[in-house]
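Readers should treat all values here as calculations from the given coordinates under stated rules, not as data from a laboratory. The shown structure was predicted, so the numbers you read here are calculated from the model rather than taken from an experiment. Ideal geometry is used to build each Cβ from the backbone, glycine not excepted, and the neighbour counts take in all protein chains shown.
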Ligand code: KG4
Ligand code: ZN
């Protein structure tokens, strides 16, 4: 069984082909990702119009390359999947329309994939993990703890009440004059800095509900930066290191609360899984590994190439759905917002609202 997956929800134009053998072995046959970072860097963030146009320009080439690398032609695939949201609606439409066109021409089923579900299921592509597991989903637009009980079956245990963790990294980077995207820049600076120089708060510590809050931490960094300005290189490195140390503590402590919430809900997770762009952060991975060891669970983080947005995760989510007969029809529309806990296996594909929600699109779009 082979599935083509297309991803265009944010600033990566990506296409991949993933297969599963009769033996159950999953393989990534190709995984083409074109990052638009250079096009957005000057603006310090993703500009939706630039992103949509860049997706239009690149999509045919990236899909063709995904077939070439895999050594396959369109008639060799069994289904076509595309991320239908949540994300920047102009970009999502590009991938979705391309996937529908390929599905129509080849006569193969079409699958509208939730981008967050694709991040959530990546651990089953790479590690053949059994349900249920506890997932910490950390990206530019989302910070959530979820019990992943099955395909389309997610129990949200907690989430952020303000900023997403990737967003906090990006804002700190911008504030300190570091390059976009902020996460990798802050992590690099932090390696040179002293994590104990500034004692930043660990918001929500001790709360039983596994929710997150990051805006107070971000404000604390800003206030210190303003107080000690002008900033030397050492100051910037120390601010990054102290901020990142606080984020690691928050992720670990809140995820520990998530493990407790799992138990309360009668769920025994097979593993602790981290996914999303921020899962690339090494200190966060190390902190979560310590926590998993303490809880007697394996910790699964995607390989670096699958942390950020990619087509393989969309193809894999499509394949998981295809095997369960969960395919969609051509009426599936691009969805700027699409919470995971609204996705149930018994759901028939819901028609998306004809008009995207006008408010908060920027935030909703960050997946
Ligand atoms: O899932 P993702 O690729 O896409 C969207 O959110 O759309 O996540 C991107 C986010 C950005 O906020 C970026 O700064 C963050 O992931 N990120 C990191 C690291 N690499 C990417 N944050 C912390 N440390 C990193 N190494
Ligand atoms: Zn993402």
Exercise for the section: Would you calculate the separation in nanometres between label points at residue 64 and residue 219, each defined as 7 Å from the Cα along the Cα-to-beta-carbon direction? Expected result: 5.3 nm
Problem - Antiparallel %, DSSP beta bridges [both residues in the range 73-209], to 5 - result: 70 percent
Handout entry: Degrees, to the nearest 10: 165-175 long Cα axis against longest axis of the chain
Key = 60 degrees
Handout entry: the chain - convex hull of the alpha-carbon atoms, volume per residue in Å³
Key = 131 Å³
Completion exercise
So for R0 = 41 Å, FRET eff. of residue 104-residue 188 from the Cβ-Cβ r, to 0.05, ends up at 0.35
Completion exercise
Rounded to the nearest 5, the percent of antiparallel DSSP beta bridges in the chain equals 65 percent
Fill in the blank from the handout: Checking rank on 48-57, 85-94, 219-228, 301-310, with mean other Cβ inside 10 Å and highest first, the result is 85-94, 301-310, 48-57, 219-228
Problem - Of all DSSP beta bridges in the range 132-270, antiparallel share, percent nearest 5 - result: 90 percent
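When each pair of different Cα atoms in the range 132-270 is counted once in the 1/r mean, what is the Kirkwood radius in angstroms, to one decimal?
After inverting the mean inverse Cα-Cα distance, the result is 15.6 Å.
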Exercise for the section: Give the angle, between 0 and 90 degrees and rounded to the nearest 10, that separates the Cα long axis of helix 233-264 from the longest principal axis of the Cα atoms of the chain. Expected result: 60 degrees
Completion exercise
Taking a crude spin-label model, label points 7 Å out from Cα along the C-beta direction, the residue 249 to residue 37 distance in nm is 3.0 nm
Problem - Relative pair counts by distance (%), Cα atoms of the range 52-99, 5 Å bins - result: 5, 20, 27, 24, 15, 8, 1
Problem - Computed label-point distance, nm, for sites residue 324 and residue 228 using a 7 Å Cα→Cβ extension - result: 4.9 nm
Handout entry: Debye intensity ratio in log₁₀ form over the Cα atoms of the range 106-192, taken at each q of 0.22 Å⁻¹
Key = -1.02
Exercise for the section: State the Cα centre-to-centre distance between the range 234-283 and the range 149-228 in whole Å. Expected result: 10 Å
